[in-house]
4 protein chains.
Amino acid sequence: MSQPSNQLQTQFERLKRNKLFELFVISVILVSALLIGAKTYPLPPQVVTATVILDYLITLFFLIELTIRFIAEPHKKRFFNNFWNVFDTLIVLVSLVPIENSELAVIGRLIRVFRVLRMVSIIPELRILLTSLVKALPQLGYVMLLMFIIFYIYAAIGSTLFEQINPNLWGDIAISMLTLFRVMTFEDWTDVMYETMAVYPLSWSYFLSFIFLSAFAFLNMVIGIVVNVMEQEHAKVREENSVAEGTNEPSLRELQQELKEIKTLLKQQK
Amino acid sequence: MSQPSNQLQTQFERLKRNKLFELFVISVILVSALLIGAKTYPLPPQVVTATVILDYLITLFFLIELTIRFIAEPHKKRFFNNFWNVFDTLIVLVSLVPIENSELAVIGRLIRVFRVLRMVSIIPELRILLTSLVKALPQLGYVMLLMFIIFYIYAAIGSTLFEQINPNLWGDIAISMLTLFRVMTFEDWTDVMYETMAVYPLSWSYFLSFIFLSAFAFLNMVIGIVVNVMEQEHAKVREENSVAEGTNEPSLRELQQELKEIKTLLKQQK
Amino acid sequence: MSQPSNQLQTQFERLKRNKLFELFVISVILVSALLIGAKTYPLPPQVVTATVILDYLITLFFLIELTIRFIAEPHKKRFFNNFWNVFDTLIVLVSLVPIENSELAVIGRLIRVFRVLRMVSIIPELRILLTSLVKALPQLGYVMLLMFIIFYIYAAIGSTLFEQINPNLWGDIAISMLTLFRVMTFEDWTDVMYETMAVYPLSWSYFLSFIFLSAFAFLNMVIGIVVNVMEQEHAKVREENSVAEGTNEPSLRELQQELKEIKTLLKQQK
Amino acid sequence: MSQPSNQLQTQFERLKRNKLFELFVISVILVSALLIGAKTYPLPPQVVTATVILDYLITLFFLIELTIRFIAEPHKKRFFNNFWNVFDTLIVLVSLVPIENSELAVIGRLIRVFRVLRMVSIIPELRILLTSLVKALPQLGYVMLLMFIIFYIYAAIGSTLFEQINPNLWGDIAISMLTLFRVMTFEDWTDVMYETMAVYPLSWSYFLSFIFLSAFAFLNMVIGIVVNVMEQEHAKVREENSVAEGTNEPSLRELQQELKEIKTLLKQQK
């Protein structure tokens, strides 16, 4: 029975690699994305019915496409080791959940929105970009933690001192952190400050020190990323150079060694 | 007949290269730019008449200048291969369209505004700057696409959830994208957020995740450009170095090879 | 008597280095941080009593932990040369001050907030990050001074000219500097400008020149930091290279010297 | 007579270089700066009289200090070739103009504000910083010109289309450019846009294209400065390296040449 299955696998693999099939998949994804956008406009009832049918067709197509890719995979176990395959499977499976209830209809619509992300999984360049973005995150870990500590301490001070002044902004530590994020984006931050300065005239120092600290930490984060990217680039260039030069270059020290040997030979001849 | 035409061509070429003529062209462009600015102020009727006459004279001069440049060109076919010649021709041709109708007068004024762009086409440094700006765009293609996908998904979610709250901001996917761009520029974004938080208390996560994602993608774009520019600079420096050193330098490996040959020669002598 | 004391010291040193003990210290710090956050929410009276008891327990634990670290230190004098030890001691000592008075209760709560900073002192990566942040400050000294002079001059001009227009914004030089900082963050700066333009129509030049100057100085500061960090990275890479190559490489000049000696030897043989 | 004058000159030169004298000058400048700040606060009449007297004393001291520096200069003609000497002289001379008239009193106060700039002229590090800032400007010339052209064209379009909507924002080309600068700083830019979108629903494209263009040009400017600074740093490092290596290093090509000569010598010996 492995023979016909193998035949099917190679046929499906050929289909999967077919440029035309790929283009068709991309256009179905595009149509599904446009459909999501179109539904946000008021539509006549016939068109609404059409979009519902189209939605089912797209779900069906995604199911078929995923099945083809699964069968085309020679090593079935490896299929789910690939993050993007798992990602696509999840999106398809979630779309299959029947949500007829009117209250959950909104959730059904939200789930279909994530189909647009299949655009990322189908275009290799976007996939690379996204993984490189995600890979850049861990190196930011400690700066993020430091920033969180700064936010936490300032929010604790803020909700202790300013809670009576404006509970909407400083009610508890979570709201205070949101307010501080607002201050960090400079969004009407002086309104927040003038309000507290009416009670505590020195509270400007709280806001200014926070802005300086958070800006400085943020700057450090950005510089950290830039330096990191630069280093990776340099490492890549160096590697390319060493590959271009074929085998590893001799060092100047080795050359000097050879020269010394020659001199010894010459002196022996004398 | 080619003789007199050639004579005319070389004469016009000399005229085109004349520094004085170039300066005159630049000053006419400057006058036309000032004229456009002057027209935005309330002017007495006599001055308005003067500006209309001046407008015609400038259009005429641009036509003559373009004709001179066309005749000065030895290879007529190449003339329209140059982007900037096509650009200048278009601006002149469009100015020639007679717009007397009062309703279209605004369009006529708008078209004349683009004459200021001739400043870019006449100054070589600006031309280089603009082409380098345009050349930098394609490498941003995929980051821009990723950013658009992020905007599209968030806008779809936004107009699904928040449409009832404020149709002016979340009415359909296009308006939602404009609102998200506003949030990205931090322009009164907390007003938008507080409004939705009154209905969905957890909607701060929608806004914060969007700000983080878009800021991160934007940062990546900037770093991408910086690294790219740096690499080009390095490549230029390396090229200059290799040119400065005249012929290509021998590698250390080649020197080692020569040393080995010398040792063999010496050993043979023994 | 030094024998038993030494025994205690080595035992405590072993305890201090114990991974489990370290984890326990970190979790106590975490609990104390969460406690600070929890207190900003309205709590039932029983929980308030519990937090007070927990507060005392944490203070006690910090005191014990510090004592262990002090005894574990072989050179007692060096203990207070370490900035982080002094820092931890201060936080513990300040927590011990009995503040029962209701008026000072707020101050007591604020002091406990700084316990969260022990998170920085216990995690080595954060400690390194913070010291590198602090080390970056002095090199910014002169740019900061220049920026302060710019602010001071503009604030002096502002409070001289605009004091009558809006004393809340331009009352004295300190308030004017705060207003200028607000302008620098672009926070409703046009409101401030339009108000003064109603009296002095040319005052836009004051605001625009200030924005350009401060933005330019700020940009210079950022670039200064970036270049500095880059140089440090390059220096590190160069150092690593020279270490990797073991002993110091001979220069090309030395190799040339050797070649000349060989030639002399050969010529003598003739 | 040149003898005593010379004696005076060398004595004054010694005085000028005296660390104590320099410190005294700096503290007088500091006092004058603090005085300017103090005057922005409401002061009792006695203190006002004191500040007036102090003002005269400071003017007198600046005059004396400048005279000392002038006499200390061995080549009198070179004194005014130094920008900072001219700068200091101007500030002193302007302070000497008697302004008793109450209407001009404000101008008198403004002029004294610029005395704070003497801080820059007396501290060498600030002087270097400022000259390096000024030197960085010309290389930005063409990007600035391009940005101005972008602003000019958009302002011309804006005041043509939107003048009727809000003359306060789009009345003439100068006001429109100010409004566009406001849009560029994202300061309540959506208010400006929503107002025009009520009449021209597509005017969002005007604002978005302007934001993208100006942001892109601005980014290019920043990158241009970064690359420039980096290159200067690299050039400095390279120069230092070549100085450290003493005489100029032989090239690998020269070494290869020598090796070839040795081989020829060896072959001749055979």
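May I ask you to verify whether C:TYR154 is in a helix (DSSP H, G or I), more than 30 Å from C:PHE62 (Cβ to Cβ), touching a Leu at 6+ places or on another chain (Cβ under 8 Å) and open to solvent by 60 Å² or more (accessible area, probe 1.4 Å)? Considered against the rule, which asks whether it is in a helix (DSSP H, G or I), more than 30 Å from C:PHE62 (Cβ to Cβ), touching a Leu at 6+ places or on another chain (Cβ under 8 Å) and open to solvent by 60 Å² or more (accessible area, probe 1.4 Å), C:TYR154 comes out as no. Of the numbered criteria (1) at the interface with chain D (Cβ under 10 Å from one of its Cβ atoms); (2) without any contact (Cβ under 8 Å) to a residue 60 or more places away in the chain; (3) in a helix (DSSP H, G or I); (4) open to solvent by 20 Å² or more (accessible area, probe 1.4 Å), the one C:GLU233 fails is (1). One residue alone among D:PHE87, D:PHE114, D:PHE148 is among the aromatic types (Phe, Trp, Tyr), more than 30 Å from D:SER214 (Cβ to Cβ) and open to solvent by 60 Å² or more (accessible area, probe 1.4 Å), and that residue is D:PHE114. Might you let me know whether region B:105-120 holds any residue that is facing chain D (nearest Cβ under 10 Å) and assigned to a loop (DSSP other than H, G, I, E, B)? So far as region B:105-120 goes, no, none of its residues is facing chain D (nearest Cβ under 10 Å) and assigned to a loop (DSSP other than H, G, I, E, B). When the criteria are applied in full, A:VAL143 fails the requirement of being touching a residue at least 60 places away in the same chain (Cβ under 8 Å), within 25 Å of A:LEU66 (Cα to Cα), assigned to a helix (DSSP H, G or I) and not aromatic (Phe, Trp, Tyr). For region A:43-64, the criterion of a residue being loosely packed, with under 13 Cβ neighbours inside 10 Å and among the charged types (D, E, K, R) is satisfied by no position. Of everything in region B:131-174 that is in contact with a Gly (Cβ under 8 Å, 6 or more places away or on another chain) and of a type in the set (S, T, N, Q), the residue that is nearest to D:THR190 (Cα to Cα) is B:SER159. Of all residues in region C:192-206, which are over 25 Å from B:TRP189 (Cα atoms) and either within 10 Å of chain A (Cβ to nearest Cβ) or without any contact (Cβ under 8 Å) to a residue 40 or more places away in the chain (or both)? Correct list: C:THR196, C:MET197, C:ALA198, C:VAL199, C:TYR200, C:PRO201, C:LEU202, C:TRP204, C:SER205. Among the numbered criteria (1) in a helix (DSSP H, G or I); (2) at the interface with chain D (Cβ under 8 Å from one of its Cβ atoms); (3) open to solvent by 20 Å² or more (accessible area, probe 1.4 Å); (4) within 26 Å of A:ILE223 (Cβ to Cβ), which one does C:VAL227 miss? So the condition that C:VAL227 fails would be (3).
Of the residues screened, C:SER95 is not one that is part of a helix (DSSP H, G or I), surrounded by 11 or more Cβ atoms within 10 Å (Cβ to Cβ) and in contact with a Lys or Arg (Cβ under 6 Å, 6 or more places away or on another chain). Residues in region B:175-191 that are in contact with a helix residue (DSSP H, G or I) (Cβ under 6 Å, 6 or more places away or on another chain), under 19 Å from A:MET184 (Cβ atoms) and either facing another protein chain (nearest Cβ under 7 Å) or among the hydroxyl-bearing types (Ser, Thr, Tyr) (or both): B:ARG182, B:GLU187, B:TRP189, B:THR190. Of all residues assigned to region A:122-141, none qualifies as being among the aliphatic types (A, V, I, L, M) and within 8 Å of chain C (Cβ to nearest Cβ).
Of the residues making up region B:35-50, those that are more than 15 Å from B:SER95 (Cα to Cα) and within 30 Å of the chain's Cα centre (by Cα) number 5. Only one of these conditions is not met by C:LEU219: (1) closer than 30 Å to D:LEU180 by Cα; (2) of a type outside the set (Phe, Trp, Tyr); (3) modelled with pLDDT of 90 or more. Which number is it? Condition not satisfied by C:LEU219: (3).
Being β-branched (Val, Ile, Thr) and touching a helix residue (DSSP H, G or I) at 6+ places or on another chain (Cβ under 6 Å) holds for only one residue in A:ILE123, A:ILE153, and it is A:ILE153. Within this structure, C:PHE210 passes the test of being more than 7 Å from every other protein chain (Cβ to nearest Cβ), of a type in the set (A, V, I, L, M, F, W, C), surrounded by 17 or more Cβ atoms within 10 Å (Cβ to Cβ) and under 30 Å from D:MET230 (Cα atoms).
Residue selection: D:LEU93 fails the criterion of being more than 18 Å from the chain's Cα centre (by Cα) and within 14 Å of chain B (Cβ to nearest Cβ). For A:ILE165, indicate whether it is open to solvent by 20 Å² or more (accessible area, probe 1.4 Å), assigned to a helix (DSSP H, G or I), away from chain C (no Cβ under 11 Å) and at negative phi. Here the answer is no, as A:ILE165 does not meet what is asked.
The values are calculated or read from the model by the stated rules, or taken from the named source; none is laboratory data. Predicted model only: the values in this text are computed from it and were never measured. Neighbour counts run over all protein chains shown; Cβ positions are idealised from the backbone, glycine included. Heavy atoms of the whole protein, side chains included, go into the accessibility calculation; ligands, DNA and RNA do not. Shrake-Rupley method; radii C 1.70, N 1.55, O 1.52, S 1.80 Å.
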